[in-house]
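The values are calculated or read from the model by the stated rules, or taken from the named source; none is laboratory data. Note that this is a predicted model, so its numbers are computed, not measured. Here Cβ is always computed from backbone atoms with ideal geometry, including for glycine, and neighbour counts include all displayed protein chains. The accessibility values were calculated without ligands, DNA or RNA, using every heavy atom of the protein model including side chains. Shrake-Rupley method; radii C 1.70, N 1.55, O 1.52, S 1.80 Å.
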Amino acid sequence: MAIPTRVIASPARGVECVKKRAKRLHFTAFSRDAEQVATASGRVNLMGDHVDYAGGFVLPMALSLHTAVAASRADHDCAVSESSDDRAWTRYAFGVLAQLRDAGLSIPPLSLAVASDVPVGAGLSSSAALEVAVARVALAVVGAALEPRALALLCQRAEHIGAGVPCGIMDQWCVTHAQPHQSIMLDCARLTSTLITLPPTLVIDIVDSDERHALRDGGYAARRADVEAAARALRVPLLAQLPRARWHEIDALAPQLARRARHVVHESARVHEMCAALAANDLARVGALFFESHQSLRDDFDVSTHALDAIVERARSEGVLGARMTGGGFGGCVIIVRRA
Ligand code: GLA
């Protein structure tokens with residue numbers, strides 16, 4: 001069977017182009033010009049998947065793929081997208097408007113038009129990009145602003161309440177704090193982050209398996225429930241905070257919880273190892289950590305798929321430094337690192 005290997009994120013795509021598309025769609029759908037347009041980028045996670053809601057460390061970076069939302073005042077909230085007839089995505093957009101209003105901001109009813117280069121359900125944070133772009137454009141309409149941290153937390157709440165996905169904070173934090181060409185090491189328990197510069201000799205490709213997930217489908221919530229059950233059994237508030245001296249206690253858990261817990265503590269530790277390897281320009285170690293992470297997500301966390309595994313194995317056979325699935329899993333993308 002041929003493995004689809006569409007490399008989607010090497011070339012930078014223009015943010016101006018996606019803004020123009022959103023404005024044009026707004027005009028076509030609502031027969032008037034947009035008052036404001038705002039954008040937000042997708043993200044790719046280099047290391048640390050399924051650890052944010054366990055209070056661990058993550059290392060995502062912004063992508064040069066963007067979502068743009070054009071908006072104008074209206075009689076009632078309405079939203080159109082250039083790419084989707086399925087209305088499920090509007091729960092994310094309206095969820096953000098509801099959270100802004102709950103926070104006391106007097107956001108009027110809005111007409112929203114969405115254009116995006118971030119593929120949906122591909123593990124590249126199309127949801128957070130949409131949420132943050134909607135929040136930014138709504139704030140711009142009323143001449144208000146929120147700090148990146150408050151914006152990230154508000155959008156995460158919108159995803160929990162509006163869309164019913166119990167996500168962690170990684171995506172919204174990355175999208176609101178990202179700087180070009182740098183990754184962000186985020187401590188998800190303390191909500192403090194540091195920018196990490198990537199070596200210029202490291203090339204990152206993102207390969208889309210073309211398999212799509214919907215985090216609403218339940219696998220994501222089930223993993224989060226396992227992680228929380230493991231934390232309760234080990235009597236720690238957040239699983240990633242289990243001290244290394246107590247890691248052996250994981251072996252005494254029920255087998256499935258033990259595998260979930262093993263993934264979480266090692267994956268969070270791998271983020272620190274990655275940062276050290278990046279600082280030392282030790283690209284061989286960077287690559288080895290990628291393969292270790294994939295194995296853990298596949299065997300202990302059960303969120304990989306045959307298509308993702310096949311792409312990782314093919315990349316390995318072609319001699320890349322490392323490859324791993326990225327994001328929530330159940331489909332989506334593989335991130336591959338190689339030497340320039
Ligand atoms: C999704 C969630 C994030 C995170 C990742 C997995 O993207 O939105 O909070 O849990 O999955 O690392």
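For CYS78, which of the numbered conditions (1) away from the ligand (no atom under 15 Å from the Cβ); (2) touching a Pro at 6+ places or on another chain (Cβ under 6 Å); (3) not hydroxyl-bearing (Ser, Thr, Tyr) fails to hold?
Among (1) away from the ligand (no atom under 15 Å from the Cβ); (2) touching a Pro at 6+ places or on another chain (Cβ under 6 Å); (3) not hydroxyl-bearing (Ser, Thr, Tyr), CYS78 violates only (2).
Could you grab me the full set of residues in the range 293-319 that are in a loop (DSSP other than H, G, I, E, B) and open to solvent by 30 Å² or more (accessible area, probe 1.4 Å)?
Hits for the range 293-319 are ASP300, ASP302, GLU318, GLY319.
A quick yes/no check of all residues on (1) assigned to a loop (DSSP other than H, G, I, E, B); (2) in contact with a Lys or Arg (Cβ under 7 Å, 6 or more places away or on another chain); (3) under 20 Å from SER64 (Cβ atoms); (4) not assigned by TED's automatic domain parsing to the domain that holds ASN45:
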residue	(1), (2), (3), (4)
ALA98	no, no, no, no
GLY104	yes, no, no, no
VAL118	yes, no, yes, no
LEU124	yes, yes, yes, no
LEU154	no, no, no, no
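So is GLU267 more than 15 Å from HIS50 (Cβ to Cβ) and part of a helix (DSSP H, G or I) or not?
no
Would you be able to say whether some residue in the range 240-252 is within 30 Å of ALA103 (Cβ to Cβ) and surrounded by fewer than 22 Cβ atoms within 10 Å (Cβ to Cβ)?
yes
Which condition from (1) under 22 Å from the mean Cα position of the chain (by Cα); (2) more than 23 Å from SER126 (Cβ to Cβ) is the one that ARG339 breaks?
That leaves (1) as the condition not met.
If you scan the range 177-187, which residues turn out to be in a loop (DSSP other than H, G, I, E, B) and over 12 Å from ARG149 (Cα atoms)?
GLN179, PRO180, HIS181
Is it the case that the range 223-235 has a residue that's in a loop (DSSP other than H, G, I, E, B), surrounded by fewer than 17 Cβ atoms within 10 Å (Cβ to Cβ) and modelled with pLDDT of 90 or more?
Yes, some residue in the range 223-235 is in a loop (DSSP other than H, G, I, E, B), surrounded by fewer than 17 Cβ atoms within 10 Å (Cβ to Cβ) and modelled with pLDDT of 90 or more.
Which one of these does LYS23 not meet: (1) open to solvent by less than 50 Å² (accessible area, probe 1.4 Å); (2) at pLDDT 95 or above; (3) in contact with a strand residue (DSSP E or B) (Cβ under 8 Å, 6 or more places away or on another chain)?
Going through the list (1) open to solvent by less than 50 Å² (accessible area, probe 1.4 Å); (2) at pLDDT 95 or above; (3) in contact with a strand residue (DSSP E or B) (Cβ under 8 Å, 6 or more places away or on another chain), LYS23 breaks only (1).
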